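The values are calculated or read from the model by the stated rules, or taken from the named source; none is laboratory data. Computed from a predicted structure; not experimentally measured. As a convention, Cβ positions derive from the backbone with ideal geometry for all residues, glycine included, and neighbour counts pool all protein chains shown.
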């Protein structure tokens, strides 16, 4: 089974090199527990592999035998500009790694579509050049979902796409989108991602979902990775575990891996300890 690296070295080694091609993966996280940092690191490391192989080898190592780098890396945001994201990622990842890793990444700012029907003043979100305008001259007048879909159709095949964040659609009532439509959107995207042989990572805040909603989303994607805080004594620990994931969870279960302790350092998100059933 061909795989695309997540860009998290220790995780990729545990699962045969990365996620199976054609995977739509939900990254569900408590605030600050590592889900968004996972997204940042995945985009940065896959970009770094293309732009600076030596630096990539230093901080990641070699990719697995069954894995192949995505042809290109795309980062889609519904509410933030490239400048905002670059600055935010810089709070997590060392500048040298960030600059080299993000240089080849294509950032897409959908905030004009997202905020268009809201009371937010236009000058607050429409001041910067947007790569998404290449889709068409009237893109700014189109629905955010349609513009998002058009961009994926043109750029996702064979590639890595980081989406930040599904929470924006879940929490927004701008288009009066019923919950069933959000779930249907993911089911349709899952089908398309399979055809594209892509890896699409979609972040969502755990606080934005009820337990029932999380269950609905899990049935609509190929894999769900959950990020949580655990408290032991006087210490808070970031943890990550795979809820469901075709072609991945079975490998972890074979090794009796139940959870990963994680950390965030100069190269971004990483695994610090592997917990096994004893």
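Here are the numbers for this structure:
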item	result
The range 1-48, residues that are surrounded by 23 or more Cβ atoms within 10 Å (Cβ to Cβ), touching a helix residue (DSSP H, G or I) at 6+ places or on another chain (Cβ under 7 Å) and on the phi > 0 side of the Ramachandran plot	7, 18
Residues located in the range 215-245, provided they are touching a strand residue (DSSP E or B) at 6+ places or on another chain (Cβ under 7 Å), buried (at least 16 other Cβ atoms within 10 Å of the Cβ) and within 25 Å of residue 197 (Cα to Cα)	217, 218, 221, 222, 223, 224, 225, 226, 241, 242, 245
Some residue of the range 254-276 being part of a helix (DSSP H, G or I) and within 17 Å of the chain's Cα centre (by Cα)	no
Close pairs (6 angstrom Cβ cut-off, 6 or more residues apart or separate chains): at positive phi in the range 49-73, surrounded by 13 or more Cβ atoms within 10 Å (Cβ to Cβ) anywhere	61/9
Number of the condition not met by residue 250 [criteria: (1) buried (at least 19 other Cβ atoms within 10 Å of the Cβ); (2) outside any strand (DSSP E or B)]	(1)
Lone unmet requirement of (1) assigned to a helix (DSSP H, G or I); (2) surrounded by 15 or more Cβ atoms within 10 Å (Cβ to Cβ); (3) modelled with pLDDT of 95 or more for residue 185	(3)
Members of the range 46-77 found to be outside any loop (DSSP other than H, G, I, E, B), touching a strand residue (DSSP E or B) at 6+ places or on another chain (Cβ under 7 Å) and within 20 Å of residue 161 (Cα to Cα), listed by number	46, 47, 67, 73, 74, 75, 76, 77
